[in-house]
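Remarks on the structure that follows.
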Amino acid sequence: MSIIPTEKYTEIISVLPILCVDVLIQNTQGEYLLVKRINEPKKGQWWPVGGRVLKGETIEQAVIRKIKEETNLNVKTVQPIGYFELITDANPFHLPFQYHTVSIVFVADIEDCQKVKLDKQSAEWKYTKQLPVDFHIKPFNLQDLGKFSPNARAMFYEGRGKEK
């Protein structure tokens, strides 16, 4: 697995979307772990753990790596549930172009009795029943519509003129 040098990465993000993972880590009470981001995008906001997929890394490996790096938690299981797409003017390098990511969203169950230990990318952490309002997961399975995002069903059908 390789890390892209900053100069090359800025060149890439100016022309291509970046493949990422976002992870809904659940505790035994069914609450989600959110971290307060220090870096763009979503700086200062509560957000699920996640980040880039590295070359030579499977998306499942990326999920496990990001959980370990950002929270020091050990994972029991991971399961993909959908995707999230972000197109924003806020990017990690404050460059004058849009930043575009496509994240595969996973649900992860963690081993019991672990303490969260944050890395330098996050300021705080909390468990909550509510996901960020602008974290719109597009589910792979339409039966999961609304399960992880309360407004997902309305948003999905709104774009198709078929509100149910």
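The table that follows gives values for the structure above.
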read-out: Evaluation of residue 34 against (1) modelled with pLDDT of 95 or more; (2) farther than 18 Å from residue 112 by Cα (one fails), failing number; value: (2)
read-out: Filtered residues of region 42-63 (kept if more than 11 Å from residue 103 (Cβ to Cβ), surrounded by 14 or more Cβ atoms within 10 Å (Cβ to Cβ) and out of contact with any Lys or Arg (no Cβ under 9 Å at 6 or more places or on another chain)); value: 42, 60, 61
read-out: Single condition residue 85 does not satisfy, out of (1) exposed (fewer than 14 other Cβ atoms within 10 Å of the Cβ); (2) without any contact (Cβ under 8 Å) to a residue 12 or more places away in the chain; value: (2)
read-out: Breaking point among (1) in a strand (DSSP E or B); (2) more than 30 Å from residue 142 (Cα to Cα); (3) among the aromatic types (Phe, Trp, Tyr), for residue 83; value: (2)
read-out: Residues located in region 89-104, provided they are modelled with pLDDT under 95 and either surrounded by fewer than 19 Cβ atoms within 10 Å (Cβ to Cβ) or touching a His at 6+ places or on another chain (Cβ under 7 Å) (or both); value: 89, 90, 92, 93, 94, 95, 96, 97, 98
read-out: Meets criteria (modelled with pLDDT of 95 or more, not in a strand (DSSP E or B) and not β-branched (Val, Ile, Thr)) for residue 119; value: yes
read-out: Residue match in region 30-49 (condition: over 20 Å from residue 130 (Cβ atoms) and not in a loop (DSSP other than H, G, I, E, B)); value: no
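The values are calculated or read from the model by the stated rules, or taken from the named source; none is laboratory data. Being a predicted model, the structure only gives us computed values, none of them experimental. Here Cβ is always computed from backbone atoms with ideal geometry, including for glycine, and neighbour counts include all displayed protein chains.
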